[in-house]
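Visitor: Sharing a structure below in structure tokens format, with a few things to ask.
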């Protein structure tokens with residue numbers, strides 16, 4: 001009898017550990033996705049604020065490209081292992097047309113996220 005109870009307890013412990021490794025609940029997932037979507041939309045809007053025309057937006061890959069004149073600004077939106085979300089912007093092409101463009105987009109993004 002004691003071995004049967006011990007086996008049941010061991011199986012219950014293993015099942016509890018497996019449940020702890022499962023995907024987050026749908027509620028937790030919606031919070032994670034909601035924060036990411038918020039950051040994603042703010043990244044796009046920050047680029048538009050600076051007059052960039054969005055030429056590519058890959059939500060699943062977290063990559064956005066916007067163009068203005070000969071400058072391309074690439075934005076990446078990533079979720080870090082800590083759960084925080086980060087967006088970074090890098091300019092390429094004819095950067096001499098507007099050397100501070102990527103930095104201004106970054107600032108606009110951060111202002112939007114602070115609201």
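The values are calculated or read from the model by the stated rules, or taken from the named source; none is laboratory data. None of the values given here were measured: they were computed from a predicted structure. FYI the Cβ positions are ideal-geometry reconstructions off the backbone, even for glycines, and counts take in every protein chain you see.
Visitor: Can you tell me which of (1) surrounded by fewer than 17 Cβ atoms within 10 Å (Cβ to Cβ); (2) more than 19 Å from the chain's Cα centre (by Cα); (3) at pLDDT 95 or above; (4) not in a helix (DSSP H, G or I) is the one residue 22 doesn't meet?
Guide: Result: residue 22 passes all but (3).
Visitor: Just to verify a result, which residue in segment 88-100, among those that are touching a residue at least 12 places away in the same chain (Cβ under 8 Å) and surrounded by fewer than 17 Cβ atoms within 10 Å (Cβ to Cβ), is nearest to residue 35 (Cα to Cα)?
Guide: Here the answer is 88.
Visitor: Let me ask you something else. For segment 65-82, give me each residue that is over 12 Å from residue 39 (Cα atoms) and modelled with pLDDT of 95 or more.
Guide: 65, 66, 67, 68, 69, 70, 71, 72, 73, 74 - these are the residues of segment 65-82 that are over 12 Å from residue 39 (Cα atoms) and modelled with pLDDT of 95 or more.
Visitor: Assigned to a strand (DSSP E or B), surrounded by 17 or more Cβ atoms within 10 Å (Cβ to Cβ) and touching a strand residue (DSSP E or B) at 6+ places or on another chain (Cβ under 7 Å): does that describe residue 77? Can you show your working first?
Guide: On the way: assigned to a strand (DSSP E or B): yes; surrounded by 17 or more Cβ atoms within 10 Å (Cβ to Cβ): yes; touching a strand residue (DSSP E or B) at 6+ places or on another chain (Cβ under 7 Å): yes.
Yes: the conditions hold for residue 77.
Visitor: So is residue 85 modelled with pLDDT of 95 or more and surrounded by 15 or more Cβ atoms within 10 Å (Cβ to Cβ) or not?
Guide: no
Visitor: Could you grab me the full set of residues in segment 72-86 that are out of contact with any helix residue (DSSP H, G or I) (no Cβ under 6 Å at 6 or more places or on another chain) and within 20 Å of residue 104 (Cβ to Cβ)?
Guide: 72, 74, 76, 86
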